[in-house]
Amino acid sequence: MRKTFIGLHARTFSHATEDLEKVKLAFANVVGPLEMTVSVTEGHHGNLITIVEGETKEVRDISAFFERISDDDLNEILRSVDARTDEGCNLFLRLDKQEAYEGRVKMTDGDDAVSVRIRVGAFPHRCEIAKDLVKAYVSEELVRRCDRRGQ
């Protein structure tokens, strides 16, 4: 069986006004126990910004990430997959950092987010194939959930 997803990279920012440990917790609530790398940079106005990142190529980690996403948000991915997938066969999602800190993984269009890029294993390497693979995977995840609930 071919892997649908071949990599996941996540990143978020901790601004000087935020508690870095809380940002790390929010990050972990979204992506799970990935190894985090932390780096510091300077913002446009001289303010310090801490970047928290992590990545994986492990199927189980990527599957676990999708299991954290609600049915409503999985359906939103199905509706918006065209806008979320680029020519490089990457799926882009943004998860609300404040919600994640509270233990809820919820998609957002806002800036205060954990940004996730998921590489789709499309072959040949074409955007339309990647979109179809994402739709199939998300649909299957929704069906698995219904089956587990006995619906």
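FYI, it's all coordinate maths here, none of it is from the lab. Quantities reported herein were computed from a predicted structural model and do not represent experimental measurements. We place every Cβ from the backbone using ideal geometry, glycine too, and count neighbours over all the protein chains shown.
Values as computed for the structure displayed
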| item | result |
| --- | --- |
| Size of electric dipole in the stretch 99-151: Cβ of Lys, Arg +1 and of Asp, Glu -1, about Cα centre, debye, nearest 20 | 300 debye |
| Mean projected area in nm² (Cα convex hull; one quarter of hull surface) for the stretch 1-69 | 5.3 nm² |
| Contour excess over end-to-end distance, with Cα ends at VAL143 and LYS57 and 0.36 nm allotted per residue | 28.5 nm |
| Within-12-Å neighbourhood charge of SER63 [Cβ basis; K, R +1; D, E -1] | -1 |
| Between the stretch 1-39 and the stretch 118-136, the Cα center-to-center distance that results, in Å | 23 Å |
| Mean projected area in nm² (Cα convex hull; one quarter of hull surface) for the chain | 9.7 nm² |
| Neighbour-limited loop hits for GluC sites (Glu not before Pro), the stretch 44-110 (at most 10 other Cβ within 10 Å; DSSP other than H, G, I, E, B) | GLU87 |
| Pairwise label distance in nanometres, LEU78 with HIS125, each label 7 Å out on the Cα-Cβ vector | 3.1 nm |
| Net lengthening on full extension, GLU67/LYS22 (0.36 nm per residue, minus Cα-Cα) | 14.0 nm |
| 12 Å beta-carbon shell around ARG104, net charge (K/R +1, D/E -1) | -2 |
| Tilt relative to the chain, helix 20-31 - C-alpha long axis, 0 to 90 degrees, to 10 | 0 degrees |
| Unit charges on C-beta of K, R, D, E only; dipole of the stretch 61-151, Debye | 260 debye |
